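The next block holds one structure in the form of structure tokens; read it before the comments.
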Amino acid sequence: MSHRTKPLTSRSGPGAVPGVKIRPATEGDASSAADLIVRTKRLNNEFDPMFAVVEGARARAERYVVASLDADDRLLLVASEGPKVVGVLRAEMRERMFYEPSPEGFITDFYILPEHRRRALGHDMLERATRDLKKMGARVIVAEVPTQNEIGYKFYTKRGFRSLVQHFGKQP
């Protein structure tokens, strides 16, 4: 089942970003999407040093993006303003082996350039991803956010998400 649908223009009204389109990523978006994914990983490191970004992250991100483009179990959306990619959201379908509902849409990466935040674009991208993941079979949508990322926590809880799992880590 294809999750490719027509582009969504960010809603109009107070705070919306005029002229920004939310659409499935293409091969031509791979480089820009990879850059934004690396930016989100670097942002995670600002919240917690256990998220130190590896050398060669850019090349890894590009391979990760390219592998996501045509995979039936992955969703890669971009927000673009003209030719410029200003946001990226990557998600994948997973099976919750021991829980119902089992099919899960898992948001692994979500980043919007700072100058495009707080204008409903994040909300619109999340709504689009939720709709597309539901079409792919998801019966629950989850997102991964570092514990120290209060911005991400507030973003998701404001939209009806709640914490489901906590990961604990330490460096030996």
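The values are calculated or read from the model by the stated rules, or taken from the named source; none is laboratory data. Since this is a predicted model, take the numbers as computed values, not measurements. All Cβ positions, glycine included, derive from the backbone under ideal geometry; neighbour counts span all protein chains shown.
Quick grid of which residues meet (1) under 16 Å from N44 (Cβ atoms); (2) part of a loop (DSSP other than H, G, I, E, B); (3) of a type outside the set (D, E, K, R):
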residue	(1), (2), (3)
V86	no, no, yes
E92	no, no, no
T108	yes, no, yes
M125	no, no, yes
R128	no, no, no
R131	no, no, no
T157	no, no, yes
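Does R23 count as more than 27 Å from E150 (Cβ to Cβ), modelled with pLDDT of 95 or more, charged (D, E, K, R) and buried (at least 16 other Cβ atoms within 10 Å of the Cβ)?
yes
Hey, could you check segment 42-56 for residues that are assigned to a helix (DSSP H, G or I) and touching a residue at least 40 places away in the same chain (Cβ under 8 Å) and say which is surrounded by the most Cβ atoms within 10 Å (Cβ to Cβ)?
This residue is N44.
Keeping to segment 62-84, report how many residues are in a strand (DSSP E or B) and crowded, with 16+ Cβ neighbours inside 10 Å.
8
Exactly one of (1) of a type in the set (G, A, S); (2) assigned to a strand (DSSP E or B); (3) over 16 Å from the mean Cα position of the chain (by Cα) is unmet by A59. Its number?
Every listed condition holds for A59 apart from (2).
Go through segment 134-155 and give me each residue that's in a helix (DSSP H, G or I) and more than 12 Å from the chain's Cα centre (by Cα).
Hits for segment 134-155 are K134, K135, E150, I151, Y153, K154, F155.
For segment 90-116, which positions are surrounded by fewer than 20 Cβ atoms within 10 Å (Cβ to Cβ), within 14 Å of the chain's Cα centre (by Cα), under 19 Å from A33 (Cα atoms) and not aromatic (F, W, Y)?
If the condition is that a residue be surrounded by fewer than 20 Cβ atoms within 10 Å (Cβ to Cβ), within 14 Å of the chain's Cα centre (by Cα), under 19 Å from A33 (Cα atoms) and not aromatic (F, W, Y), then E92, T108, L113 are the ones that fit.
Name the residue that is nearest to L76 (Cα to Cα), counting only residues in segment 134-152 that are free of Cβ contacts under 8 Å to residues at least 60 places away in the same chain and touching a Pro at 6+ places or on another chain (Cβ under 9 Å).
This residue is A138.
For H123, all conditions in the list (1) within 18 Å of V86 (Cβ to Cβ); (2) within 14 Å of the chain's Cα centre (by Cα); (3) in contact (Cβ under 8 Å) with a residue 40 or more places away in the chain hold save one; what is the number of the exception?
Failed condition: (3).
Which of the numbered conditions does Q166 fail, given that it passes all the others? Conditions: (1) assigned to a loop (DSSP other than H, G, I, E, B); (2) polar (S, T, N, Q); (3) at pLDDT 95 or above.
Going through (1) assigned to a loop (DSSP other than H, G, I, E, B); (2) polar (S, T, N, Q); (3) at pLDDT 95 or above one by one, Q166 breaks only (3).
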